[in-house]
Each structure stands twice: as C-alpha cells, then as structure tokens.
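Participant: Encoded as structure tokens, here's the structure I'll be asking about.
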Amino acid sequence: QQQVKQSPQSLIVQKGGISIINCAYENTAFDYFPWYQQFPGKGPALLIAIRPDVSEKKEGRFTISFNKSAKQFSLHIMDSQPGDSATYFCAAFRGSNYKLTFGKGTLLTVNP
Amino acid sequence: DVKVTQSSRYLVKRTGEKVFLECVQDMDHENMFWYRQDPGLGLRLIYFSYDVKMKEKGDIPEGYSVSREKKERFSLILESASTNQTSMYLCASSPGLSYGYTFGSGTRLTVV
C-alpha cells in the first residue's frame, strides 16, 4: 500500500523554467509534508516543509502548494537552474510514530 | 557541522555472509532509521529506533535485524545476505518529534 504517490518519475526542464512535482496522500493523520532533495552520491536533505493547515509556503525559488481537500501537494521550483538537477522526494510525517513515508522520487534534470 | 556517518561507502559481500552496516550520529538525536533505496521504489524503511535498546520494524524488515546499544550508534545486520539485498542503504537520525531527518551518504552494498 503506497501511502504517498509522486509524479512524474522524471522531469526535464530548461534553465529558467518552472519545475512542478506532484504528490498525493491517502491518510489524513499526517502532521507535516516535507520535501527532500538528493544529489548523486549524497543522502537526501530536507528542502522545505508545510503543515496541513497552510495552503502555501515559499522559501526562495521553492514553493509548496497544499490542497487539503484533494489530499494533494506539489513542489514548484521557479527559475530552475542546472544546479537544481537532483532527485526530489515528497514525504508525509506522522508525529505519533516518528515516521516519514516517502514518495518514490522524481529525477529532475535542468538543461542549460 | 552535524553528521551522520556510515562506515562504508561501498561493500561487496558473498551470498550467505553475515553483514554489518554501521551508522554513527554526533547530534545526540533520539531517533535513528535505516532505509534502503532502489531505483523506481524510492526510500523504504527497514527498521527504526526511538531510544537506546529500542527498535521497531519498518515496512520491509524481513532478512534484517538491528542493534542500538548506544544512543549515537545504530547497526543494521543482514543475517544471511542474499542477492536481492543488493541496494543502497541509508541511515538517518532525527531529534524528538521532528520531520527533519539528517541522512548519511549511504552504503552501496552488492551481494554476489
């Protein structure tokens, strides 16, 4: 049972474009929805996170949009740069059991 | 700079061997986790621990065990390695009820 579904599996964007990655969840008991960024040869690192009572959160060029009624959230990367090329994971966190449940990841390639 | 250190970057073991993967964190975090990462499957939780000597099964514990004798160290044990355990193994830690995990750089294990 996949609790967090992520799409697309891979994404190619031109430099300066907008990258959009979507996620959907099933369980309404999650407390936070973070995104992680992973570069080759490294472990994932926390990028940005949102609470379910907030519809949008922005940090620099990265924005999470959250739709509680649809149980969907998305990551938008504005003015995408080649240095943003990485694998992105959405996740859902339940504080009652300390656990993060990850989506399957999106490989983003930003062409120069 | 806070760190999660995994003892080996690359490891090659033979089928049937007992394999130990070691993870050490220097952040005094209560929680530690072992994930495996496979292409197309994302990050899957094997085991986690929220306190010394405590352990909880994750989503795919079969064929694995763990040990946490000290707060800073969490070991993953493959009792009898099999080729389907060839994977990237990631250790992570987190403080209290936090979605902010710190990951190590991973151990790429090949079982031949």
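Participant: Within the stretch A:70-106, restricting attention to residues that are farther than 21 Å from B:LEU90 by Cβ and assigned to a helix (DSSP H, G or I), which residue is nearest to the other protein chains (Cβ to nearest Cβ)?
Facilitator: Of all residues in the stretch A:70-106, those farther than 21 Å from B:LEU90 by Cβ come to A:70-74, A:76-84, A:95-96.
Next cut, assigned to a helix (DSSP H, G or I) only: A:82-84, A:95-96.
Numbers: A:PRO82: 22, A:GLY83: 19, A:ASP84: 19, A:GLY95: 4, A:SER96: 9 Å.
The qualifying residue nearest to the other protein chains (Cβ to nearest Cβ) is A:GLY95.
Participant: Which of the residues belonging to the stretch B:1-11 are more than 10 Å from every other protein chain (Cβ to nearest Cβ) and surrounded by 12 or more Cβ atoms within 10 Å (Cβ to Cβ)?
Facilitator: Within the stretch B:1-11, B:LYS3, B:THR5, B:SER7, B:SER8, B:LEU11 meet the criteria.
Participant: Continuing with this model, one more query. So, in the stretch B:82-101, how many residues would count as being at pLDDT below 95 and open to solvent by 40 Å² or more (accessible area, probe 1.4 Å)?
Facilitator: Total satisfying the criteria: 3.
Participant: Kindly evaluate B:SER75 against the criterion of being part of a strand (DSSP E or B), more than 8 Å from chain A (Cβ to nearest Cβ) and more than 27 Å from A:GLN9 (Cβ to Cβ).
Facilitator: Yes; evaluated as a whole, the condition is true for this residue.
Participant: For the stretch A:6-36, give me each residue that is modelled with pLDDT of 95 or more, within 11 Å of chain B (Cβ to nearest Cβ) and open to solvent by 50 Å² or more (accessible area, probe 1.4 Å).
Facilitator: Once the filter is applied, which keeps residues that are modelled with pLDDT of 95 or more, within 11 Å of chain B (Cβ to nearest Cβ) and open to solvent by 50 Å² or more (accessible area, probe 1.4 Å), the stretch A:6-36 yields A:GLN9, A:SER10.
Participant: Separate question: Of all residues being touching a Pro at 6+ places or on another chain (Cβ under 7 Å) and aromatic (Phe, Trp, Tyr) in the stretch A:89-112, which is nearest to A:MET78 (Cα to Cα)? Just the residue, please. Can you show your working first?
Facilitator: Taking the stretch A:89-112 as the starting set, the residues that turn out to be touching a Pro at 6+ places or on another chain (Cβ under 7 Å) are A:89, A:91, A:93, A:106, A:110, A:112.
Restricting the remaining residues to those that are aromatic (Phe, Trp, Tyr) gives A:89, A:93.
Values: A:PHE89: 17, A:PHE93: 25 Å.
My answer is A:PHE89.
Participant: Okay, next question. Give the residues of the stretch A:37-58 that are open to solvent by 60 Å² or more (accessible area, probe 1.4 Å) and within 14 Å of chain B (Cβ to nearest Cβ), sorted by residue number.
Facilitator: A:PHE39, A:PRO40, A:LYS42, A:LEU46, A:ARG51, A:LYS57 - these are the residues of the stretch A:37-58 that are open to solvent by 60 Å² or more (accessible area, probe 1.4 Å) and within 14 Å of chain B (Cβ to nearest Cβ).
Participant: Limited to the stretch B:27-66, what total is found for residues that are open to solvent by 30 Å² or more (accessible area, probe 1.4 Å) and without any contact (Cβ under 8 Å) to a residue 12 or more places away in the chain?
Facilitator: Going through the stretch B:27-66 one residue at a time, the tally reaches 6.
The values are calculated or read from the model by the stated rules, or taken from the named source; none is laboratory data. Quantities reported herein were computed from a predicted structural model and do not represent experimental measurements. Neighbour counts are summed over all protein chains in view; Cβ atoms, including those assigned to glycine, are modelled from backbone coordinates with ideal geometry. For the accessible areas, the whole protein counts, side chains as well, though only heavy atoms, and no ligand, DNA or RNA atoms are used. Shrake-Rupley method; radii C 1.70, N 1.55, O 1.52, S 1.80 Å.
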